[in-house]
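Peer 1: Input: one structure, supplied below.
The values are calculated or read from the model by the stated rules, or taken from the named source; none is laboratory data. All values reported here derive from a predicted model rather than from experimental measurement. Methodologically, a virtual Cβ is constructed for each residue, glycine included, from the backbone with ideal geometry; neighbour enumeration extends over all protein chains shown. Accessible surface is based on the protein model in full, side chains and every heavy atom, while ligands, DNA and RNA are left aside. Shrake-Rupley method; radii C 1.70, N 1.55, O 1.52, S 1.80 Å.
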Amino acid sequence: MSDLNVAIVIKLEPDFSEGNVSYNPDGTLNRAETKNTLGPHSAIAAHAAFYSKVMYDAKISIGTMGPPIADSSLQMAQRICDAEELHLYSDRIFAGADTLATAEVLKTGIEKMQGKIDIVFAGHRASDGETGQTGPQTAWKLGFTFLGNVIDYKVDLKERTVIAKRMVSLQGFNDIVEEIEAPLPVFISVDPAYKANFNTVLQRLSLEKYKKEAKIRSDNYKHYLKVFNAQQLGVDLKFVGLLGSPTIVYKVERIPKGKATRQAEILDGSNQEDLRKAVAKMKEALSAMVIK
Amino acid sequence: MSDNNYQHLYVVIEVQDDKIVPVSLEMLGEARRLIDSFNKKYQSNEKVVAILLGHNIKEICNTLIEYGADVIVYADSHELKNYRNNIYTKTISQIAQDEKLSAQISPSSKFKKPRYMFFAADSIGRHLSSTVLVALDSGLASDINKLEISDLKITHQHKTDGKPVTYEKTLEMYRPDFSGFLWTTILCLDNKNPQIERDYHPQSCSIIPGVFEPIAPDKGRKGPIIEYMPTFDQNDLRVKILSRQVIRSGVDFDSYKTVVSFGRGIKDAPEQNIKLVEQLAKTLNAEIGVSLPISKKPFVVSENVSSKYMISDRVIGTSGRRISPMLYVAVGISGAMQHVVGMQDSRFIVAINPDENSPIKDECDVFIKGRMEDVIPKLVEEIKQQSLAVNA
Amino acid sequence: MEKYDVAIIGGGSAGLAALKQLSNLGKQAVLLEAGNKIGSKNVSGGILYSKRPKKGHVHNVEDVYGDIFLSEAPFERKITKYILHSTSKDKVYSIDLTAAHEYESNFGYSVLMNKLNGWFAEQAAESAQRFGGGIISGVRVNSIEWDEKNDRTIIRTDELEEFEVKAIIAADGVNSEVAQISGARPKFTPEQLYQGVKVVVKLPEDVINTRFNLIPDEGIAHLFAGDITLNHIGGGFLYTNKDTLSIGAVYHFDSLLANPTEPYTLVNSLLKNPMISEFIKDEVPTRGKIDKNLPQEEQIRNRFAITKLIKSWRELREAYLSQKGKNDLLKSGKYQSVDEIKEQLDSIHNQLTQKYDVSFVTDYVEVEYSAKLVPDGKRCRMLKPYNKNILFIGDAAGRGVFVGPRIEGLNIGIDDAFRAAEAVARALDKNNFDPNYLGEYYATSVDESPYTRDMKQIDKDYLKIFLDATKDIPSDIISTRYGAVLKLMSSDTFRSVAVKFANILGYERLLPMVESEDTYVKVPIEIAKRLGKTIQPTYTPSIPSIADRVAKLNFNDDNNSHIKVTNPQSEFLKKIITLCPTKCYSLENQQVMLQHEGCIECGTCSQETDWKHPRGEKGVVYQYG
């Protein structure tokens, strides 16, 4: 038995990098033609969990909700963090879930993992639309303390607490690093700026040892994999999938052209009329709505 | 359930170091506009309710009224001085469901939950909105940059059992999609299908900072300011903030809609030219950035100017910051790739440069040909004349 | 403080061999590498030799790693032909030096360091772990303290807590910082160094086999002298790898200083040579102009679609044109037959040309540009390759054998590593790290190495092989310049005497005469002009600009520069503006200015700068090396 049981929730996402992504003529993502990969933020979460393995010899379980092919994301995450247990929650009824309904599945899955989970790690957000709600919503359903934007953490195994550093970035304020202490269990959403610090030779050597183990395990990931459908998971069908989703996507449309295509209009800096025109354009740019 | 169960638009205000985070006022502005037209359209009298949590925040309440809130509900406790997810979530969801409170806002015996709810899409609101909405058992759309309220006829397999149903007073929440080309409109709808009937209110979203305009403050506005006395679970208080450390004392490009940057083009008279750039930035209410080579101190300038501008924090580019202001003015910057990477996402780019062949020409929307010494003074005059309304 | 027996600083092929060999001897060692991944900072020509000298004994790669090296290591091809070309414009005269290449040699493999060092690291780490050691990457050593009072050596890094060791093996390369911080030797001077620049060119495996007339897994090395040198002392090379070519230019640093020429110009001069142009040519997709009138998202969508198709075409073609790739595709079940692969390939090709305005042209595909300094062992090997309890090996000790067409470095580093490991293991057994016991023992061992001998004197047998190979060249071309000496050397009777005499006279004193413009430039040009056959180029390769080359490299940028210009008026640095392989230097107001972004850490500028390796994980990340 390990002193620390950690879980990671991850997501299989389209690979948006040029050369792998494909778009339909209407601008929507061509999912069939686009390769899938472990979401970059999920990968960061896996790295954060791996820190617990190296430092505290934690047992790691990974869970994901998705189609059967999402097992590849579990393998990729296992390759990063040397997990002992892989969960795939896969059922057609889960399809179309919004964040609330996804959180319900993940919460139920985490409760089925081996050992009592002390820390759950999740990515900051997904790159294909989900904007970082699933993590905190799962946390709340689990009754775990939620810590967001975590850039560093350590665990006090004796006190059963976590001390985490989180990044607070607010419009118009300098960034703040907040150090926060919380009793286990906690749910950590990992900031993209997270970087594990292994400061001694011994830690680094043990890191290498686990990395090697991770490679061996992930080459043989099916051995660690458990697949659950809705029934096996024991979720209430009213709270998952489309039925359990308060929100719907009503429509998708093109954003009216916001960005100028950078074809410079060349104006003469010594001509007052030209400068007037320049300022007018600047004014127009500033008055229009921001599309980020 | 009756429509009266849900009333008002609640806005969760954020305060940091006794100051209002600007997005809070932006949300109030949009809330004001939406509720004004809502009340007109539906001949009702719903309110914009600001929820404010913190410590020694009473004075801020008046400001929120000036910026468009009808009612303030605040909870003041040293435990709430800084955001902690658990006690913030509980306090806000209690406020949102407190019937006594709602009776003070407007007498309505039926109030159960807010009709709409706004949060900021930032490192507090994004997570807070998520947990509050689980606590309130409703839906949430994140990172919204456009909102409308309308009556929509919906046919949905689950929500309406495939039959057309008109949803009144529905908040259409527009989210710019991952591709950057698409807008996804998200609705939070009650299940009207008799078999799975279930209400989902409030309809809520988090809002991207910097999108909406605050209204002009009106000192004459008045409204009730109600204190809510929260109670805390002792176990929740075991989550402690041990320290808070400001990490960037430097340059805050994100709070400015405009950034003016200068590069090697200042070389003929560095000191004077930087003054010109300062002037331009001041007129545009812009932050000042530099292109890469500047930070290597290739020019002789006074220590004063050097320590202010020739610092890595100001560098925009591959090894510096990546920014996307609405307006970017590149002064005397040739447009090397190292720099372009840091600014190409700007909405509108103006370059001032004597050399029409410099690569920046292909990276900008307006290319003003000329030496900065000649162009900037005239440009500043022109900006003043057209009184370019720019706010930070 | 944590304690370890041995620290090895630097994870190149020498450092890794030291780690492996120490583990073979059952000793605990920790290897520290600054790059984020082993191999990411390593560049080599490169051919890795295994030798069997007639006199004395060297330790080869397979002695360190075992026979598994031969069966599993990811080397590229076994070099079975070795040809020297003299060039003059479109004329080339070729001399077969395969016999010289095979002289005293078990084998020579072409290698790419990133891949190969990755494999070495796996092997070494696995052994090292058994004795509580291993490899730590992303860590840069910044100081070493000898705490005499407590008789301990403390290593400090930018990244980790300090720790204690008993002995150190310095394998941190030609720009060894350990040598600097320990005061073991001054920086190498331009007279002691070569600067090498290399490009890796992609070419499908089957195309290489056909074009170079090779059977699978066998390779060829081409060397070049003559007008491609642009009047510098040194030459060019082209080695066949599995599915790439390594093409590089290596010149004496002092000859570059005398006549500053951009390193990329030197490598470009090779690529433009018609023989090489023809060697590297391939079918290359070229994008048409994007229609700027389309909406922006449409433009991006098209761009993405084209990128994806080109990527698929490249990957599929690469597999189709390689035996293993083809087999893997068939095995995967995606394709039923080779014809089917070809059909798919053609269909992508058609889509690209017909739908997306992509044309396929004859050109070449360059995938990586790199540079490194190479220590000329004849001139710079450390006579005392130790300091206190530090032993220096490989490039860090200035060791390499460069004699005419003989170009060896990797194998020498491995031989050093073996000897250093042996010396350290002996010291550990006796717990005696006194320089007289550890350092001297190592120095003696290195001195006995046949490689050291080859750095000190001429090997008359090797010379004979070389001279035999050149016997078809009319003597008047050579004799005007080397006349009497050559006659002497060519005679079997007199060669022994002459070589002995030369070696007594002092090898060092002979070098300037042998390594001269005559040898590398004038004579080859004349040979090519008179004897060479003409090669007609069928296209002009579009050579990327240096900016494009740098843009293609991966960097983990550091905001703080690892190099500091201490004297911006230095005349040396003004030449470096030209000689920096990635153009990091420029002149502003008569002051030399450095923009360190884009630095590939070759050390060309190190002579007169405050030069350090970037912090752990920072800086250039090579994919091939």
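Peer 1: For chain A, what is the relative contact order in percent, using Cα pairs closer than 8 Å and at least 6 residues apart in sequence?
Peer 2: Here the relative contact order equals 21 percent.
Peer 1: Which Cα, out of C:Y239, C:I414, C:I535, lies furthest along the positive dipole direction of chain C (beta carbon charges, K/R +1, D/E -1)?
Peer 2: C:I535
Peer 1: Please list 3J(HN,Hα) in residue order for the stretch A:98-110, calculated via the Karplus relation 6.51 cos²θ - 1.76 cosθ + 1.60 where θ = phi - 60°; whole Hz, with x for glycine and proline.
Peer 2: 8, 5, 5, 6, 5, 4, 4, 5, 4, 4, 5, x, 4
Peer 1: What's the ranking of B:91-97, A:230-236 by average number of surrounding C-beta atoms within 10 Å, highest first?
Peer 2: Descending mean neighbour count gives B:91-97, A:230-236.
Peer 1: Among B:K378/C:K292; C:K3/C:K41; B:K58/B:K100; A:K53/C:K618; C:K37/C:K324, which pairs are too far apart, with a Cα-Cα distance over 30 Å? Walk me through the intermediate numbers first.
Peer 2: Numbers: B:K378/C:K292 33 Å; C:K3/C:K41 28 Å; B:K58/B:K100 21 Å; A:K53/C:K618 26 Å; C:K37/C:K324 27 Å.
Violating the 30 Å Cα-Cα cut-off are B:K378/C:K292.
Peer 1: If you average the sequence gap of Cα pairs under 8 Å that are 6 or more apart and divide by the length of the stretch C:555-621, what percent do you get for the contact order? Walk me through the numbers on the way to the answer.
Peer 2: Values: 99 pairs, mean separation 32.1, N = 67.
Taking the mean separation of contacting Cα pairs over the length of the stretch C:555-621, I get 48 percent.
Peer 1: So, with +1 on the Cβ of K and R and -1 on the Cβ of D and E, and no other charges, what is the size of the charge dipole of the stretch A:5-239 about its Cα centre, to the nearest 20 debye?
Peer 2: 660 debye
Peer 1: Under unit Cβ charges (Lys, Arg +1; Asp, Glu -1), what dipole magnitude, rounded to 20 debye, does the stretch B:3-238 have relative to its Cα centre?
Peer 2: 400 debye
Peer 1: In terms of modelled amide H atoms, which long-range or inter-chain residues lie less than 5 Å from the amide H of A:L267?
Peer 2: Those qualifying (amide H under 5 Å, at least 5 residues apart or on another chain) are B:F367, B:I368, B:K369.
Peer 1: Of all beta bridges DSSP finds with both residues in the protein assembly as shown, what is the antiparallel percent, to the nearest 5?
Peer 2: The answer is about 55 percent antiparallel.
Peer 1: Output the pairs from A:K281/B:K275; B:K47/B:K169; C:K78/C:K115 with a Cα-Cα distance over 21 Å in this structure; if there are none, say none.
Peer 2: A:K281/B:K275
Peer 1: Still on this structure: Looking only at other chains, what is the average number of their beta-carbon atoms within 10 angstrom of each beta-carbon in C:592-598?
Peer 2: Counting other chains' Cβ atoms within 10 Å and averaging over C:592-598 gives 3.
Peer 1: Which residues' amide hydrogens lie under 5 Å from the amide hydrogen of B:I149, considering only partners 5 or more residues apart or on another chain, with H built in the peptide plane?
Peer 2: It is B:E172, by chain and number.
Peer 1: Still on this structure: Relative contact order, percent, of chain B when contacts are C-alpha pairs under 8 Å separated by at least 6 residues?
Peer 2: RCO, chain B: 13 percent.
Peer 1: Here's a follow-up. Would you mind working out the magnitude of the charge dipole of chain C relative to its Cα centre, with +1 at each Lys and Arg C-beta and -1 at each Asp and Glu C-beta, to the nearest 20 Debye?
Peer 2: 1000 debye
Peer 1: Of the peptides C:326-336, C:13-23, C:418-428, how do they stack up when ordered by the mean number of other Cβ atoms within 10 Å, highest first?
Peer 2: Sorting C:326-336, C:13-23, C:418-428 by mean packing, highest first, produces C:13-23, C:418-428, C:326-336.
Peer 1: Right, next: Work through the residues other than A:P14 whose Cβ is under 9 Å from its Cβ and net out their charges, Lys, Arg +1 and Asp, Glu -1.
Peer 2: -1
Peer 1: What ranking of A:E273, C:E76, C:E298 comes out by heavy-atom accessible area, probe 1.4 Å, highest first?
Peer 2: Largest accessible area first, the list is A:E273, C:E298, C:E76.
Peer 1: Karplus couplings for the stretch C:331-346 from phi (6.51 cos²θ - 1.76 cosθ + 1.60, θ = phi - 60°), rounded to Hz, Gly and Pro as x?
Peer 2: Values per residue, Gly and Pro as x: 5, 5, x, 5, 10, 8, 8, 4, 4, 5, 4, 4, 4, 4, 4, 5 Hz.
Peer 1: Let me ask something else. Convert each backbone phi in the stretch B:201-217 into a coupling constant with the Karplus relation 6.51 cos²θ - 1.76 cosθ + 1.60 (shift: θ = phi - 60°), then list the ³J(HN,Hα) values in order as whole Hz, x for Gly and Pro.
Peer 2: So the Karplus estimates, Gly and Pro as x, are 9, x, 8, 10, 7, 10, 10, 5, x, x, 8, 8, 8, x, 7, 5, x Hz.
Peer 1: Which of B:A269, A:Y224, A:L100 sits closest to the plus end of the dipole of the protein assembly as shown, meaning its Cα is farthest towards the positive end, when Lys and Arg get +1 and Asp and Glu get -1 on the C-beta?
Peer 2: Final value for the positive-end residue is A:Y224.
Peer 1: Report the Cα centroid-to-centroid distance between the stretch C:534-551 and the stretch C:8-41 in angstrom, as an integer.
Peer 2: With the stretch C:534-551 and the stretch C:8-41 each reduced to a Cα centre, they are spaced 37 Å.
Peer 1: Turning to a different aspect of this structure: Averaged across C:365-372, how many Cβ atoms of other chains sit within 10 Å of each residue's Cβ atom? It would help to have the intermediate numbers written out before the result.
Peer 2: Working: counts 0, 0, 0, 0, 0, 0, 0, 0.
What the average comes to for C:365-372 is 0.
Peer 1: Scan around B:C364 for amide H atoms under 5 Å from its own, H built in the peptide plane at 1.01 Å from N, and keep only partners 5 or more places away or cross-chain.
Peer 2: Result for B:C364 returns A:A264.
Peer 1: Turning to a different aspect of this structure: With a/c under 1.5 counting as rounded, go ahead and sort the stretch B:253-385 into rounded, prolate or oblate using the C-alpha gyration tensor (a ≥ b ≥ c being the square roots of the eigenvalues; past the cut-off, prolate if a/b is larger than b/c, else oblate).
Peer 2: rounded
Peer 1: Sticking with this one: Need the list of lysines near C:K272 for cross-linking: C-alpha distance under 20 angstrom, and skip anything on the same chain fewer than eight residues off.
Peer 2: C:K89, C:K91, C:K198, C:K202, C:K281, C:K522, C:K529, C:K533
Peer 1: Using the charge dipole of the protein assembly as shown (Lys, Arg: +1 at Cβ; Asp, Glu: -1 at Cβ; taken about the Cα centre), state which of B:L133, C:A221, C:T265 has its Cα farthest towards the positive end.
Peer 2: C:A221
Peer 1: In chain C, what is the volume of the convex hull around the alpha carbon atoms, normalised per residue and reported in Å³?
Peer 2: Here the figure is 177 Å³ per residue.
Peer 1: From the square roots a ≥ b ≥ c of the eigenvalues of the alpha-carbon gyration tensor of the stretch C:485-609, which class results: rounded (a/c under 1.5), prolate (a/b over b/c), or oblate?
Peer 2: Cα axes put the stretch C:485-609 in the oblate bin.
Peer 1: Now for a separate question. Of the candidates A:A48, A:A193, A:A139, which one comes out as most mobile in a Gaussian network treatment of chain A with C-alpha springs shorter than 10 Å?
Peer 2: Judging by the Gaussian network model, the answer is A:A193.
Peer 1: Looking only at other chains, what is the average number of their beta-carbon atoms within 10 angstrom of each beta-carbon in B:5-17?
Peer 2: Average neighbour count from other chains, rounded to a whole number: 1.
Peer 1: Nearest 5 percent is fine: what portion of the DSSP beta bridges confined to chain A is antiparallel?
Peer 2: 40 percent
Peer 1: Now, a different point. Would you mind checking the pairs A:K141/B:K257; A:K112/B:K113; C:K166/C:K187; B:K41/B:K219 and listing those with alpha carbons more than 29 angstrom apart?
Peer 2: Those over the limit are A:K141/B:K257; A:K112/B:K113.
Peer 1: I've got another one for you. Which order do peptides C:465-474, C:166-175 fall in by mean Cβ count within 10 Å, highest first? The partial results should precede the final answer.
Peer 2: On the way: C:465-474: 14.2, C:166-175: 27.9.
Ranked from most to least packed, the peptides come out as C:166-175, C:465-474.
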